[in-house]
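Peer 1: Shown below is the structure under consideration.
The values are calculated or read from the model by the stated rules, or taken from the named source; none is laboratory data. Since the model is a prediction, treat every value here as computed from it, not as a measurement. Note that each Cβ is placed from the backbone with ideal geometry, even for glycine, and that neighbours are counted across all protein chains shown. Side chains are part of the model used for accessible areas, which takes the heavy atoms of the whole protein and leaves out ligands, DNA and RNA. Shrake-Rupley method; radii C 1.70, N 1.55, O 1.52, S 1.80 Å.
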Amino acid sequence: MVTAGVRIASLAAGGDGVGRLPDGRAVFVPRTAPGDLVALGAIAEHRTWARARVAELQEAGPDRVEPRCAHFVADRCGGCQWQHLSPEAQRRARSAIVGEALRRIGGLALADPEVEPAPAQWEYRHRLTLHADAAGRIG
């Protein structure tokens with residue numbers, strides 16, 4: 001089943017885009033960007049929220065960029081959840097997520113904090129975690 005026309009409004013802490021289903025429940029959609037209009041497929045529904053996959057990107061949001069890594073699209077690598085977002089959009093999202101957590105969990109009346117960009121946009125990671133799947137492939 002494909003659900004048409006869900007607009008992604010924001011990003012969640014885990015990296016998923018957040019939109020609203022027609023009944024008002026939040027739906028978490030990996031690899032989406034604020035402003036994206038997506039048709040959804042494979043929806044896992046819960047009482048107050050849902051998780052879904054993109055069946056079709058109908059309209060790209062203003063901050064969507066072409067992912068640099070072929071694995072991002074080809075095999076759904078989980079290493080870079082926001083590679084499809086501009087660096088500025090990534091910083092804004094991180095700032096909003098931290099600010100929301102400080103207000104909601106910490107009970108603090110603070111504005112979203114400023115996020116200092118990494119010195120290099122790419123190739124700054126120094127840690128790698130490998131997993132083997134049931135077929136013995138490592139990645």
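Peer 1: Taking the stretch 27-48 on its own, how many of its residues are assigned to a strand (DSSP E or B) and more than 12 Å from the chain's Cα centre (by Cα)? Before the answer, list the steps.
Peer 2: So the first thing to find is which residues in the stretch 27-48 are assigned to a strand (DSSP E or B), and the list is 27-29, 37-45.
Narrowing further to those that are more than 12 Å from the chain's Cα centre (by Cα): 37-45.
So the answer is 9.
Peer 1: How do the pairs read when you match residues in the stretch 43-70 that are under 21 Å from residue 5 (Cβ atoms) with residues anywhere that are of a type in the set (Phe, Trp, Tyr) and surrounded by 16 or more Cβ atoms within 10 Å (Cβ to Cβ), using Cβ under 9 Å and keeping only pairs 6 or more apart or on different chains?
Peer 2: From residues that are under 21 Å from residue 5 (Cβ atoms), the pairs are 49/28; 50/28; 51/28; 52/28.
Peer 1: For the stretch 85-105, indicate whether the set of residues that are assigned to a loop (DSSP other than H, G, I, E, B) and at positive phi is non-empty.
Peer 2: First pass over the stretch 85-105, keeping only residues assigned to a loop (DSSP other than H, G, I, E, B): 86, 105.
If we keep only those that are at positive phi as well, we get none.
Within the stretch 85-105, none of the residues are assigned to a loop (DSSP other than H, G, I, E, B) and at positive phi.
Peer 1: Being modelled with pLDDT of 90 or more and either among the aromatic types (Phe, Trp, Tyr) or outside any loop (DSSP other than H, G, I, E, B) (or both) is the filter here, so list the residues in the stretch 60-84 that pass it.
Peer 2: Residue satisfying the conditions is 64 alone.
Peer 1: Evaluate the stretch 49-59: report whether one residue or more is assigned to a loop (DSSP other than H, G, I, E, B) and open to solvent by 40 Å² or more (accessible area, probe 1.4 Å). Show your work before the answer.
Peer 2: Going residue by residue through the stretch 49-59, those that are assigned to a loop (DSSP other than H, G, I, E, B) are none.
Checking the stretch 49-59: not a single residue is assigned to a loop (DSSP other than H, G, I, E, B) and open to solvent by 40 Å² or more (accessible area, probe 1.4 Å).
Peer 1: Residue check: is residue 38 within 16 Å of residue 20 (Cα to Cα) and not hydroxyl-bearing (Ser, Thr, Tyr)? Don't jump to the end; show me each part of the working.
Peer 2: Values: within 16 Å of residue 20 (Cα to Cα): yes; not hydroxyl-bearing (Ser, Thr, Tyr): yes.
When the stated conditions are applied, residue 38 passes them.
Peer 1: I'm trying to understand the selection: among the residues of the stretch 85-106, which are of a type in the set (A, V, I, L, M) and more than 21 Å from residue 31 (Cβ to Cβ)? Give the derivation first.
Peer 2: Applying the first criterion (of a type in the set (A, V, I, L, M)) to the stretch 85-106 yields 85, 89, 93, 96-98, 101-102, 105.
Across the stretch 85-106, the qualifying residues are 98, 101, 102, 105.
Peer 1: Within the stretch 17-26, can you find the residues that are crowded, with 22+ Cβ neighbours inside 10 Å and more than 10 Å from residue 7 (Cα to Cα)?
Peer 2: First pass over the stretch 17-26, keeping only residues crowded, with 22+ Cβ neighbours inside 10 Å: 17, 19.
Within the stretch 17-26, none qualify.
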